[in-house]
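Peer 1: This is the structure, below, for whatever I ask next.
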């Protein structure tokens, strides 16, 4: 009967337009696993002795074999902290390094200010000597 209705609407020249589906498809998010979960999966994989048991466990958990091998390497290196999810992005510098840099920059600032004062005094002396000798500066700089 539905095909009869469709052929009638096409024969009459009218077509029905369905509105678009309003459902939003969710985007995949990167999964993060806790260290406890990783260690539990590794222990379970170590207990598997028969062929196909590891594959069944990976399918049940929704994991890849490469993920399991990466976790095994991390465990072998003794990086328990590496098994925990890590914050992405730039790592914060330690506060001691920032304090040391701040102190060094302040010292350099003081040294440069002292050199500036010395250079300004030399320029003032040169101006006064020039005025005493009656030499006119070639370019007036606008300062007195």
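We did not get these values from a lab; they are worked out from the coordinates using the rules stated. What you see is a predicted model, and the numbers here were worked out from it, not measured in a lab.
Peer 1: Explain nothing, just the number: relative contact order of region 32-85, from Cα pairs under 8 Å at least 6 residues apart, as a whole percent.
Peer 2: Relative contact order for region 32-85 comes out at 55 percent.
Peer 1: Quick check on region 32-85: take the gyration tensor over C-alpha atoms, sort the square-rooted eigenvalues as a ≥ b ≥ c, and tell me if it's rounded (a/c under 1.5), prolate or oblate.
Peer 2: prolate
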